[in-house]
Amino acid sequence: MIEHPIEAVLPPEAPPPLALDDSDGPIAAALGHLLGDERLRTWFFGDAIVRRFVATVDNLSRPTVAMKVRSLRPVPGAFEVVRDGEAITVAAGNAARYAPYVEALERIDAKQLAGVYLRFYPLFQQAYEELGYPKAYFNDRLVASIDHLLAAPEPSAPPRLLQPKVLYEFEDPRLEALSAGQKAMLRLGPDNAQRVKAQLRALRAEITASAPKP
C-alpha cells in the first residue's frame, strides 16, 4: 500500500521524459540553481546522482552507508574531541565543520527543492526498483527516512566517546547502536541538528499530502 502518493502533490505540468543514465546533467543544473554550482561540485559526487541519493536514503536507517553509494563527499577537516584524563567527549567546535552545509541548506526553499524532486520523481522510483525493490514506493521510503532522522536523540551534553582502536565510538551503548543517519545527526551538534530537522520537516510537508509529524 502506498502511503504518500506523489500524484497527490505533483504539479499539473508533466515532466519531460528523461533516461536515468542521462539524468546527471539536467539534475545537476536544477540543483546547482538552488545550491550553487560550486557547492554542488565540491560537496557532492557528480556521477549517478539519482542512484546515489536513492541508495543513501535507503541506508540512513541502517548501521552504515557505504562510501561508494554516498551522495555527499567526506566533510573536510578532522573530527574534533576533547580529552580530560581518560574521558573523551565530542568537541563543541566540531559543529563548525558542518556549519557551511547547514547554512546552505537553510537558504534553499523547501518548495523549490521538492519541486526538483517531484519533477524527476520517475527516475528516483526507477532507481529504487533497480536497487532491489521492484514493488516498493520510493517516496514512502524517503518520508520514512526523514521521520527516522527527525527521531534522532538530542543529548543535553556532548556525548562521551571511547577509542578502542582508530575510530571513535559512543560510550553510551544506546547511542552506539543508532543508525548511520542518526549518528550523523549527533555529529552535527545540537544547534545544527535542530536547524536541519526544521528543513526536513518543511521538505516532508512538501512531498506529502498530509501535515508533517511533530
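Taking all protein chains in place and a 1.4 Å probe, what share, in percent, of the accessible surface of the chain do carbon and sulfur account for?
58
If amide hydrogens are placed 1.01 Å from N in the peptide plane, which non-local residues have theirs closer than 5 Å to the one on Ile88?
It is Leu161, by chain and number.
As a check on your grasp of the helix formula, calculate [θ] at 222 nm for the chain: sum -39500 (n - 2.57) over DSSP H runs of n ≥ 4, divide by the residue count, round to the nearest 500.
-14500 deg cm²/dmol
Ordering Asp24, Asp84 from largest to smallest accessible area (1.4 angstrom probe), what's the sequence?
Asp84, Asp24
Using the Karplus curve 6.51 cos²θ - 1.76 cosθ + 1.60 with θ = phi - 60°, what ³J(HN,Hα) values do you get for each residue of region 132-149, in whole Hz, with x for Gly and Pro?
Each residue of region 132-149 in turn: x, 10, x, 10, 9, 10, 5, 4, 5, 5, 5, 4, 4, 5, 4, 4, 5, 5 Hz.
For region 50-200, what does the accessible surface come to per residue with a 1.4 Å probe? Please give it in Å².
Roughly 53 Å² per residue, with all protein chains present.
First obtain the Kirkwood hydrodynamic radius of the chain from its Cα pairs, then insert it into the Stokes-Einstein equation at 20 °C and 1.002 mPa s, and state the resulting D in µm² per second as a whole number.
116
Relative contact order for the chain: what is it in percent, counting Cα pairs under 8 Å that are at least 6 residues apart?
29
Need one value: the accessible area of Tyr133 in square angstrom, 1.4 angstrom probe, rounded to the nearest 10.
Tyr133 exposes around 70 Å² with every protein chain in place.
Using Cα atoms only, what is the angle between the long axis of helix 49-59 and the major principal axis of the chain, expressed in degrees (0 to 90) to the nearest 10?
That works out to roughly 50 degrees.
The values are calculated or read from the model by the stated rules, or taken from the named source; none is laboratory data. Everything quoted here is computed from the prediction, not taken from an experiment. Note: accessible area is taken over every heavy atom of the protein model, side chains too, but ligands, DNA and RNA are not part of it. Shrake-Rupley method; radii C 1.70, N 1.55, O 1.52, S 1.80 Å.
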